[in-house]
1. For B:Ile237 and B:Val520, calculate 0.36 nm times their separation in residues minus their Cα-Cα distance, and state this gained length in nm to one decimal.
2. Based on the mean of other beta carbon atoms within 10 Å per residue, what is the order of B:43-55, B:64-76, most packed first?
3. Can you give me the angle between helix B:402-426 and the longest principal axis of chain B, using Cα atoms only, in degrees from 0 to 90, rounded to the nearest 10?
4. Once every DSSP H run of n ≥ 4 in chain B is given -39500 (n - 2.57) and the sum is divided by its residues, what mean residue ellipticity at 222 nm do you get, rounded to the nearest 500 deg cm²/dmol?
5. Hey, got the dipole for the protein assembly as shown? About the Cα centre, +1 on K and R Cβ, -1 on D and E Cβ, debye to the nearest 20?
6. Tell me which lysines have Cα within less than 27 Å of B:Lys58's Cα, excluding those fewer than 8 residues away on the same chain?
7. What's the average, rounded to a whole number, of partner chain beta-carbon atoms within 10 Å of each residue's beta-carbon in B:238-244?
8. Amide H of B:Phe333: which non-local residues (sequence gap of 5 or more, or other chain) have their own amide H closer than 5 Å, using H built in the peptide plane?
Amino acid sequence: MSADSYNKVKRNPNFHMLVARRSRWAWGLATIILLMYFAFILLIAFAPQWLAQPVVAGSVITIGIPIGVLVILVAFVLTGVYVHKANTDFDQMTQQIISEIEQ
Amino acid sequence: MRLLQKLFITLFFLLPQLGFAADAIDGAVEKQALNLPAVIMFLLFVAATLMITYWAAKRTRSTSDYYAAGGGITGLQNGLAIAGDYMSAASFLGISGLVYLSGYDGLIYSIGFLIGWPLILFLIAERLRNLGRYTFADVASYRLQQLPIRTLSAFGALAVVALYLIAQMVGAGKLIQLLFGLPYEFAVVVVGVLMVLYVTFGGMIATTWVQIIKAVLLLSGATFIAIMVLKHVGFDINVLFEQAIAVHDKGSQIMAPGGLVTDPISAISLGVALIFGTAGLPHILMRFFTVADAKQARRSVFFATGFIGYFYILTFIIGFGAIVLLTNNPDFFNSEGLLIGGDNMAAIHLSQAVGGDMFLGFISAVAFATILAVVSGLTLAGASAISHDLYASVIKKGQVTGKDEIRVSRIATLVLGLVAIVLGILFEQQNVAFMVGLAFAIAASANFPILFLSMYWQKLTTRGALIGGFAGLTTAIVLVILGPIVWVDILGNAEAIFPYKYPALFSVITAFVLIWLFSVTDRSEQGKQERALFEHQFIRSQTGIGAHGANNDH
C-alpha cells in the first residue's frame, strides 16, 4: 500500500467517522463491563447479606446465584454485540474507505 | 478509609488467585495404582494427535504455515483453541475443587477469569491482528527500533514461557502420578517428547488442532458430568442446592460469598497481574495471527468467551454435584477424612461417581491431554521468539530464508523441550506455584505495557519502551526474589525484604511511569520519526490496509 493511499485515507472524513464510532463503541462497552464487574464486587464487599437472601421466600437459591450467572452471560452477550456491530457497521465503512482509495 | 480498604480487599482478592495456586499441583502426592482405562484412552488421544501432526507436517511449507497455520484457522476453530489454552487442567480441577470446598466463592473466581476477555476483544484483538504477523513483537516493534525492542520482547516472551513451562511440567508429573499411577520422571519425559513432536513437525497447525480436540473433549466431558449431576437431582436445580446445603459442613453459607481475605496490597497486585498479564502472554497473543483477518479475530474472542463462560457454569454445577455425590461416600476419602488426592480431585472423583471406571479413565486422559496442549502452545511461542524475533530479525536483520528460519525454530523447540524435561525433574520437590505468578507479573510488566502503548500512544519512543519495559521486567523478577515465597520459603531467610507475594502492582506502575517519562523527554531525531510513523500504523490498525492476510507470503 503506497503512501498515497494512506494520505487518501487520512483525508477521508469517513475514516475519522469510523475511528470515532468504533472507539465510542469499544470504550463504551469496556466501561459497561468494568462497571458491571465493579458493581458485582461492590455488592460482595458491602452487601453480602443482600446477595445471601433467597430469590423468593423459602427458596434455597440466593440472589447472588442468578446475578453471578448474569454477569457471565452479559460478558458473553456484549462480545456478541460488539462483533455484530463491527461485522455490519464498521466493516462496511472500512470497505467503503478502501474502495474510495482506488478511485 | 476502612470502606475503601474493604473494597480493595474484596475487589482484588476475588480475582482468580487459582490461576497461580492451582496451576501447579502443590506438595507431595502419593502414586496411585496403575489406571488402565485412563492409559488406554490417553494412548488413543496420543495416536490421534500424532496422526494430525503427520497431516499438519505435510501442510507446513512456509513460515506462515509454521508460525500462524497459514492464517487459515476460522474464528470458531480459533475460539475453541483459545478456550483450550485458557481451560487448563488447573482451572478445571481448581475451580470445581473450590466450589466443592466453599460453594459460591468458586463462581466469583470464574467471573474474575472471564472478565478480561471482553476487554481484549474491545481494545486489543483487531489492532493486534491488523498490525502483527507471527509474534506480538511484530506489533511492539512496528514503528520502533527492531533490534532493541525485539530483543526485549523476545526475552520477555522467553521468561514467561520458561516459568510457565516449568510449572506445567511439575504439575503434569504430579497429576499423572496421581491419575495414572505412572512414575513422575516418566510422565515429565512423555509430556516433553510429545510436545516437541507436535511443535517441530506440525508447527502451529498441529498445535492448534491438538488444542481444539482437547477443548472439545474437555467441554464434552464436563457437560456429561454436569448432566449426570442434574439427572441425579431430577433436573431440579433447587434439589441440587438443597442436598448440597444438607451435607456440606458450611451449610447454607455455600450459597453466598464467603470470607476469603488477605492483605489489600497483595490482592490488588494479584488483580493487576491477571488483567494485564493475560493480555501479555505470548502464547495467547500468538493465536490472533492464526486467523485470516480482524473479522475472524473478533469472532475468535466471541466464541472463546462463550465457551469459557459455559465451561465455568459447568464447573459450578460439577462442584455442587461433588458436594452432593462425594460427601459421606467413604470410597473417596482417606483415613483422615480428607478427599483422596486433595480438594482439587473433586471433579475426577465425581467423574467416577457418575460414569464409572471407564469415564474416570476418560476424564483422566482429558486432564493429561489438557496439559500436553497447553505446553505445546507455550513451546511454540518460545521457539518463535527465538527464531522469528532473535534469529531472523535481530541476528540476521531480516535477511533470512523461510526455510532457514523454520529450521532454527525446530532446533529451538528441541532445546526448549530438553530444558523443560530437565528442569521439570529438577524442580519436582520445589514450590513452583510462584512461577506462574511470576510469569503473569512479567507478562503484565514487560510485554503488555510496550504492546498496549505502541498501539494506543503516539508519543511512545524506543527509548521509553526500552527503559520502561526493562525496568518492569527486572522489578518483577527482583521483587519476587526478595518477596516471601522465594526469600523466606525457598532461600530460608527469616523475613522477606519485600513483604508482598505478588509484585505486579509495583512493577506495572514502574513500567508505565518510566515508559512515559523516557518517551516524553526523548527529543532525539529518531524519536521524532517514530512518532511520525504512528499515523501510518494507526490507519493500518483501524482499516487493516496493508495487513498480512492468509498465506500472502507464498
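Only the coordinates and a few stated rules stand behind these numbers; no lab work does. Remember, predicted model here, so these are calculated numbers, not experimental data. Quick reminder, even Gly has a Cβ in these numbers, built from the backbone with ideal geometry, and neighbours come from all protein chains shown.
1. Details: separation 283, 0.36 × 283 = 101.88 nm, distance 5.77 nm.
Roughly 96.1 nm would be gained on extension.
2. B:64-76, B:43-55
3. 40 degrees
4. -23000 deg cm²/dmol
5. 2020 debye
6. Within the straight-line cut-off, B:Lys58 pairs with B:Lys214, B:Lys403.
7. Mean partner shielding for this stretch: 2.
8. B:Ile340
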